[in-house]
Structures are given as structure tokens and as C-alpha cells.
1. Can you name every one of the helices (runs of 4 or more DSSP H) wholly within segment 63-131 that holds 2 or more residues which are farther than 29 Å from Arg288 by Cβ?
2. Evaluate segment 219-230: report whether one residue or more is hydrophobic (A, V, I, L, M, F, W, C) and modelled with pLDDT under 85.
3. If you scan segment 62-119, which residues turn out to be among the charged types (D, E, K, R), within 13 Å of the ligand (Cβ to nearest atom) and over 18 Å from Arg243 (Cβ atoms)?
4. So Met238 clears everything in (1) in contact (Cβ under 8 Å) with a residue 60 or more places away in the chain; (2) of a type outside the set (Val, Ile, Thr); (3) loosely packed, with under 14 Cβ neighbours inside 10 Å except one condition, right? Which one?
5. Look at Pro221 and say whether it is touching a helix residue (DSSP H, G or I) at 6+ places or on another chain (Cβ under 8 Å) and within 16 Å of the ligand (Cβ to nearest atom).
6. Look at Ala280 and say whether it is in the same structural domain as Glu396 (by TED's automatic domain parsing), assigned to a helix (DSSP H, G or I), at pLDDT below 85 and under 30 Å from Gly117 (Cα atoms).
7. The conditions are (1) under 27 Å from Asp173 (Cβ atoms); (2) of a type outside the set (Phe, Trp, Tyr); (3) at pLDDT below 95, and Gly54 fails exactly one of them. Which is it?
8. When you go through Arg325, Arg338, Arg418 one by one, which is the residue that is surrounded by fewer than 17 Cβ atoms within 10 Å (Cβ to Cβ), assigned by TED's automatic domain parsing to the domain that holds Leu282, within 22 Å of Leu285 (Cα to Cα) and among the charged types (D, E, K, R)?
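The values are calculated or read from the model by the stated rules, or taken from the named source; none is laboratory data. What you see is a predicted model, and the numbers here were worked out from it, not measured in a lab. All Cβ positions, glycine included, derive from the backbone under ideal geometry; neighbour counts span all protein chains shown.
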Amino acid sequence: MRQGDGLGTPRENDAELRPRHDAGAPRENDAGTGPGDGARDRMIDRMAGERFAGARLWAAMRAPYLASALFALTPLVHGTAPPRPSADEHWNVHLNPDATAAAPVPELGWWLLHHVGHLLRDHHARARPYDTRNRPAPATPHHGRDHQPRDTPHDGLDPARRWACAADAEVNDDLGADLGADLGADLGDAPAGAISPETLGLPDGLLAERYADLLDLIDVPPQLEPCARPPFTGPPAMTGLERELLARAVAAAIEARGTAPGGWRRWAEATLRPEVDWRARLAGLVTRGLARAAGRVDYSYSRPSRRAAAAPSIVLPALLRPLPRVSVLVDTSGSVGRAALGRVLGELDGVLRAAGNRRVDVVCCDTEAHPAQRVRAAAQVELVGGGGTDLRPGFEAAGEGADVLVVLTDGDTPWPPRRPRPYVVVCLFGDRHEAPEWASVVRVPEESA
Ligand SMILES: [Zn+2]
């Protein structure tokens, strides 16, 4: 077990797998000086650590296919942790000492399964498009195209909270009846106020991105609350590669058993065969970008407002909802095969047709942006270029006036230093390079592309 890591009081937690003690019984004194605050704190911390270990075993017995993930969690016991267990992206579970020591083991176990659900599904990284802290401030909020995106379709439901609710819906979908059938009577259902497709009245089996879209359309009942965020991010216990290997091992265990709930089986399928998944991810991200653009309200003077009749001497702005404009930027430097580009462009056409888009602007770019081609289908574009790569001029040309910008590249390019105005989806060929954090990434495996 991790020691106190300098963020709370020092720990002496080696109690992980010790037998449980009666929670009410005094345990130890400090060298005969009486049960002072320090000794009491240590006792509670130790009880919390033991409770965590018991909860982890409880969870591993109910979902054996998740055992290796549950044992990869690192407990961080500290007084600033929220009352309910929370987890950060580095697989640290933040445990409030008092609340954890008093919590029933099955309830803690449920929360560990919940957070493993978030972590294996990479929800922390998928949350980035919803994180308003990453958004640039609008340059000219009162006119023109640089208006504020419509972020709060419902009162109080900001994008980060909408994502938290959507991610909980995806995770808790698998922590309901399917799992409960194997559980003892002491668990009951999910903790009161937990968000699930059922408590939201939404269909089950969807991805969090889809739930986030649907949450635009409904009000979240006030008694429902997504899980808490930890107050800080603890140290990474695993490298990215180790996390990936862990995810693949868990996915293989799920497939081998075949008894996991449906959501976990779909996740395992996508994890073990990512080439199945990139198409779904591309469709999901582009649809999301279009929906976001369509939700923006543009104040425009180009069409008179109906209220203008009541105030004939003043031109009032009219509300317009322009059709979202989609541009595609294709890296034609030669490092990405033409056949691979063609296949992804064909896939993109299917997504755009399904969304009702009839035209798309395509810009080819090597070290310079070639003239935009306006085509009915992206796959019809003439791929021009070759040589080196610098997509920055392409971003400028293709991003102009676009609401959604889809970029096809292997990522071996300098990137614009700041988030461009359109919603950017990067189809990244292979795994040799990264895209900036402001882009939503679809990793296209080379062998399938
Ligand atoms: Zn959660």
C-alpha cells in the first residue's frame, strides 16, 4: 500500500491484507501515552486501508474478470478526500479516512467497480472535449462568428457536469441488475442518487458521448448526482504502456469468461479489435461536432427580426441557425498511403450523409495548402501534394468558416499552437505520433486503413 505521499498525515499503512478488526474496539496507543489524536488518526487510517482491502476482495469475487484492474488501484487515504471514494486518472483511489472506516464493505466495493469502469474506459481522457478550462475565450463575444458556444442548454448543466453524468450512465449501466443478480442481499442496488440509464430514463448500452448528447434534451432529476472528483491527482503508478497492457489483459479475461455484462463485453471487443472501433469513434465525434455547431445560435443582422416591426427605427439582430460547415484537411505529404486516405474519406462520407450534409470542402496540404475543393463526397477529392509536411497552413485554409474540421494525418507535422475555432477531429494513422490535446483523436490502425 502507498504511504502517505506527503499530502496528508504520515501513514503507517501496511495493513492492507490484515484480518479485519472490530470497528469499535480501541487498537493501540502511542507508547503508553494514551490514545491521542495522532494515534486515533493512524487507527482510522488503518481501518480505512483494511476496509479498502476488504472491498477490493469483495468486488473481485463479484466481477472476477476485473480482478487485475481492481488490484492495480492505489489507495490514497487523506482527509481532503470527498466522503465517497473518488479516483484520478492515475488509478489512485482517494479515500476519506472517517467515511471509509465507517462505510459498509459492499458499498465501498461497488464504488471500486464503478471507478474501475471509468478508468478502463479511459473516461478521464474522453472528458477533455467537455472540459471548459481547455476552451479559448471567445475573441469577440458580441458579434461575428466568434460567439460563445451554447454550453449550457439546461440551467446549471455545464459541459463538465454533463460529461460526469454521461460517464456515470455508461459505467453504472453494467453495475445494475446484471451484476446485482450475483450479489448478496447486503448490497441492495446502486447507492442512492447514482446516475444510470435507468434512473435517467434513457436507453441502456450507449457510450458516454451519446449520453452526453441525450442529456442536452432532458433535465437530470435533482436527486441524482455524479460521482465526486478527487481534490488533486496523485502520482502515476503505471506507465501508459502498462495501462494499455492491463486493459488488454482485462479485455481478454472478459472474452474468455463470456459472462460479463453486455457493456463490458462490448468494451472488450473494441479494446481487443480497435479496427472495429475507429469507425464508430469517427462517427461519434463528427456527429458530436455537428450537433454542437447546430446548437450554436448566431446573432445576425442579415435577416430582419420579427420584433423589428415593433421598433421600426432600430434594426434588431435575428436568430439564425446556420447549417454546420464541415471541412476536411488531408495530409498528402506522402507519408500516409493514398489507399488508407481513401478508405477513411469513404467512411467519413457515410457519416456526413447520415447527418444530412451534402457538401464538404477538402483541402490537401503538404508543406502548403492547396486550393480547397468543394465536393459532394470527400472520397471524390483529387489528392494533390507530396514531399514534406506542415499542416499549419492547411489548418488556416480549411478552418476558415468551418464548424467541424476533420484532419487526416499520421501526425508527423507541426501543429497550430492554439486550439483552432472549429471542432477538430484528427484521424491519426498509426501510433508513431500524437495530436495536440485540443483535438479529438480517432486512432486509425495502419493495417486496417
Ligand atoms: Zn463516476
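1. 67-70, 97-102, 105-120
2. Looking for residues that are hydrophobic (A, V, I, L, M, F, W, C) and modelled with pLDDT under 85, one finds none in segment 219-230, hence no.
3. Hit for segment 62-119 is Arg84, nothing else.
4. (3)
5. No; evaluated as a whole, the condition is false for this residue.
6. yes
7. (3)
8. Numbers: Arg325 fails: surrounded by fewer than 17 Cβ atoms within 10 Å (Cβ to Cβ); Arg338 fails: within 22 Å of Leu285 (Cα to Cα).
None of the others qualify; the one that does is Arg418.
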